[in-house]
Amino acid sequence: MAVEITAGKLLGYDQVAAIETWLRETISYIPGSSDDPISAIRVNQKQSGVCRDLAHLGIALCRSISIPARLVVGYHYGLVPMDMHAWFEAYVGGRWYAFDATQEEMTPGYVAIGYGRDAADVAVYNQFGPSVYPISQDISVKLVEVEE
């Protein structure tokens, strides 16, 4: 599938950019639509998912054409609703590049909290057994202009 998506693209970055575009145009990003991690195959079958699902499918497609890829979790300025966010990075030309199929373009304001092979590597919260305390969070990301 990745070979078809990237047909005619230059090797490396342009292939990953084609995968990101394909994800954005093909897989519906629906915040809050999934609580449980699903496989990349299932995401493709459903044609929808949360940010983690789109990132997992992007990672699988990159790896299938021998481009190293990893999951990143964190926050993104202006994300609605504000919550943990996931995107992926691909290793091309000696460095990692970020890709986010849930957004029209990569903009300033991404705050990475963790990197890993998949969501299990970078789980922000794991719970075993019943919850003892109510869990809540109030997250905000402020974009600050830096003078050069």
- [ ] Quick one: work out the % antiparallel among DSSP beta bridges in region 1-90, nearest 5.
- [x] 75
Open item on the list: How tilted is helix 51-64 with respect to the longest principal axis of the chain? Cα atoms for both, answer in degrees (0 to 90, nearest 10).
Closed with: 30
- [ ] Calculate, in nm to one decimal, what Glu145 and Met1 gain on full extension: separation in residues at 0.36 nm each, minus their alpha carbon distance.
- [x] 47.8 nm
TODO: Quick one: angle between helix 13-26 and the longest Cα principal axis of the chain, in degrees between 0 and 90, rounded to 10, please.
DONE: 60
Open item on the list: Spelling out what I want: for every residue of region 96-108, take phi, set θ = phi - 60°, compute 6.51 cos²θ - 1.76 cosθ + 1.60 (Karplus), and round to whole Hz; glycine and proline get x.
Closed with: 8, 10, 8, 9, 9, 6, 8, 10, 5, 7, 6, 10, x
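Averaged across orientations, what area in nm² does the convex hull of the alpha carbons in region 70-116 project?
Details: hull surface 13.4 nm².
Computed as one quarter of the Cα hull surface, the answer is 3.4 nm².
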Task: Excluding exposed DSSP-loop trypsin sites (Lys or Arg not before Pro) (at most 15 other C-beta within 10 Å), longest clean stretch of the chain - done: 10-116
Open item on the list: I'm checking a number: the convex hull volume of the Cα atoms of the chain, normalised per residue, in Å³. What is it?
Closed with: 135
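Local charge sum around Gly32 (other residues, Cβ-Cβ under 14 Å, Lys/Arg +1, Asp/Glu -1)?
Around Gly32, the surrounding residues sum to -3.
Quick note: the coordinates plus some simple rules give every number you see, no bench work behind them. Here the structure is a predicted model, which means the values were calculated and not measured. Positions of Cβ are generated from backbone atoms using ideal geometry, with glycine treated the same way; all protein chains shown enter the neighbour counts.
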